[in-house]
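Novice: Here you go, one structure.
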Amino acid sequence: EIHKHPELEMQLISPERAIELKKEEDLLVMVDYHKPSLSISQSLYEQFDKIVIIDHHRRGEEFPSKPLLTYIESSASSASELVSELIQYQSSKTNRLDRFEATLLLAGMVVDTNSFNVRTTARTFDVASYLRSCG
């Protein structure tokens, strides 16, 4: 399916390529985890001074030393729910999710909630409804 979206395919790069392309002003966004040891590439993680964390797991002892932003909401069903909310409440309507992006985020929610059977709240269904409305 991703091959039907060349704009997304071009955004998926290896950790080595990310290190090559990194600029000083870039930041690392850690989604669905906050432990540096879980990073796909320790050498990539170590390249960044600016880090943003978006996670639904409880904060553990292992944690980046000085993240710019920490958005940890352990009551959320999934990181997909948190990311979707951040997108949903942006003032710009021009950055609306397309059908493929909304489907990926909804799939993340379905997996983490076991098809909406665990860790679901009204908030979860509100976000699922928003994603469904995107396509």
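Novice: I need the GluC sites (Glu not before Pro) found in the stretch 31-132, filtered to DSSP loop residues with at most 16 other beta carbons within 10 Å of theirs.
Specialist: 46, 61, 62, 73
Novice: What percent does the relative contact order of the chain come to when contacts are Cα pairs within less than 8 Å and at least six residues apart?
Specialist: 18 percent
Novice: Then there's this: Under 5 Å between amide hydrogens, which residues at least 5 positions from residue 53 or on another chain qualify, with H placed 1.01 Å from N in the peptide plane?
Specialist: 30, 69, 70, 71
Novice: What nm value, rounded to one decimal, do you get for the distance between residue 12 and residue 114 when each label is placed 7 Å out toward the C-beta?
Specialist: Reported label-point gap for residue 12 and residue 114 is 2.9 nm.
Novice: Quick one: 3J(HN,Hα) in Hz for the stretch 39-53, Karplus 6.51/-1.76/1.60 with θ = phi - 60°, rounded, Gly and Pro as x.
Specialist: 4, 4, 8, 5, 5, 5, 3, 5, 6, 10, 9, 9, 9, 10, 10
Novice: Let me ask something else. Eigenvalues of the Cα gyration tensor times 5, then square-rooted: what semi-axes does that give for the chain, in whole angstrom, largest first?
Specialist: Value: 26, 20, 14 Å, ordered largest first.
Novice: Given 5 Å bins starting at zero, what is the percent of C-alpha pairs of the stretch 79-133 in each, up to the one with the largest pair distance?
Specialist: Answer for the stretch 79-133: a P(r) of 4, 21, 34, 25, 10, 4, 1 percent.
Bear in mind these aren't lab numbers, they're just calculated from the coordinates by the rules spelled out. None of these values were measured; they are calculated from a predicted model. In this analysis, Cβ positions are derived from the backbone assuming ideal geometry, glycine residues included, and neighbour counts consider all displayed protein chains.
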